[in-house]
Amino acid sequence: MPELPEVETVRRGLQPVMEGAKIIKAEARRADLRFPFQPDFVARLRGQVVTGLGRRAKYLMADLASGDVLLMHLGMSGSFRVIKPDNDVQPGEFHYPRGKDSTHDHVLFRMSSGADIVFNDPRRFGYMKVIARNALDEEPLLRGLGPEPLGNEFDAAMLARSCAGKTTSLKAALLDQRVVAGLGNIYVCEALHRSHLSPRRIAATLATKRGEPTDHAKRLVGAIHTVLNDAIKAGGSSLRDHRQTSGELGYFQHSFKVYDREGETCKTPGCGGTVKRFTQNGRSTFWCPKCQK
C-alpha cells in the first residue's frame, strides 16, 4: 500500500493541472470502490474550482470553492494518470508503460487546465468522499490521526510524550496512526535502521522518567525526516503498484538499507552484520540485529 512519500509524490504530480482549475466534468464509472460513492458525489464536484491540493497522512485532499473537500485514498493499487490532448503521459528514465485496457479506469476528472485526470484501481481498495470542510474534525476517516512526521510540530519531545508509558514495540508504536500519521511498514523499517534502534525495543524507552526525549528519540526523529524526504525526492518506492502521475516508477527502493534485503550484508559502515527478517504484528520486519539495539 502506498505510504506517505508515494502519496506526496502523487500530490505534487497532480498539483500543476488540478490546483486553480475547474472540474468541468466528473465521472464515476461504477457505483463503488472500497466504499460506495455518495449519491451526490458527481454533483458536488462538477463545476467546482480546486482552490488547493493538500495531503493528510496517506490521504489526498482537494479543497473546493464550494467549501467541500474531496478526500482521496489510493488504497493498495490505486494510481492517477494525467492525460493532455496535445501531450500525453511523458516517459522518463524509470517510465513504466501503462496498459491500454481502461477496464480499471473508475473515476475521471476533466479539468479546465486541459487535462483529464484518471483514477485507475484494479483491486478497488481506494476510495473517494466529498466532505464539508467544517465537518472534517468529525470525519471518522481522519479523526484521531497523529501529527504529520514532516510537520513543524513533530519533534523528539512530541514523539517521547506519545510513547511514554507504552509497552508495545517501537515499530508497533510508529505504525500507530494516532502516534504519527502516514508512516508505513517500509519507512518505519528504514528509519529504525538508520537510527540504529531495534524494532523490538519498548516504545517507552524514547522518554525519560520525567517524560523528556532520550537520545534515541532524537536520533529516530532525524532518521524519519531524512528517510521520508529522500523517498519523496526519489518519487517514492515502486514495489508492485505505485506509479507517479506521469507513469514513471519511483526508485527509492534502490536505496533501501534493510527493507526486502534479507540475507544481505548490513550497509552500516563497519557493522558487517546480516539483515534478518521476522514477522511482527502480522508484517514483515527487516533489521540488522548487530547494529540495531
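The values are calculated or read from the model by the stated rules, or taken from the named source; none is laboratory data. This structure is a prediction, so every number in the text was calculated from the model and none was measured. Glycine gets a Cβ as well: all are built from the backbone with ideal geometry, and neighbour counts include every protein chain shown.
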Only one of (1) modelled with pLDDT of 95 or more; (2) surrounded by 19 or more Cβ atoms within 10 Å (Cβ to Cβ) is not met by Gly235, so which one is it?
(1)
Quick one: Ala43 ticks every box in (1) touching a residue at least 12 places away in the same chain (Cβ under 8 Å); (2) of a type outside the set (S, T, N, Q); (3) assigned to a helix (DSSP H, G or I) bar one, so which box is it?
(1)
So which of His216, His225, His196 is closer than 24 Å to Gly273 by Cβ, part of a helix (DSSP H, G or I), not hydroxyl-bearing (Ser, Thr, Tyr) and not assigned by TED's automatic domain parsing to the domain that holds Arg55?
His216
Tell me which strands (runs of 3 or more DSSP E) are completely within segment 105-185 and hold 1 or more residues being more than 20 Å from Glu8 (Cβ to Cβ), small (Gly, Ala, Ser) and in contact (Cβ under 8 Å) with a residue 12 or more places away in the chain, or say none if there are none.
127-132
Selected residue (only one of Leu141, Leu74, Leu70 is within 26 Å of Ala181 (Cβ to Cβ) and either modelled with pLDDT of 95 or more or exposed (fewer than 15 other Cβ atoms within 10 Å of the Cβ) (or both)):
Leu70
The condition from (1) outside any strand (DSSP E or B); (2) at pLDDT 95 or above; (3) farther than 23 Å from Gly184 by Cβ; (4) of a type in the set (A, V, I, L, M, F, W, C) that Val89 misses is numbered (2)
Filter segment 171-199 for residues that are more than 24 Å from Leu141 (Cα to Cα) and not polar (S, T, N, Q) and give the result.
Cys189, Glu190, Ala191, Leu192, His193, Arg194, His196, Leu197, Pro199
If you go through segment 268-293, how many residues are charged (D, E, K, R), surrounded by 12 or more Cβ atoms within 10 Å (Cβ to Cβ) and at pLDDT 95 or above?
3
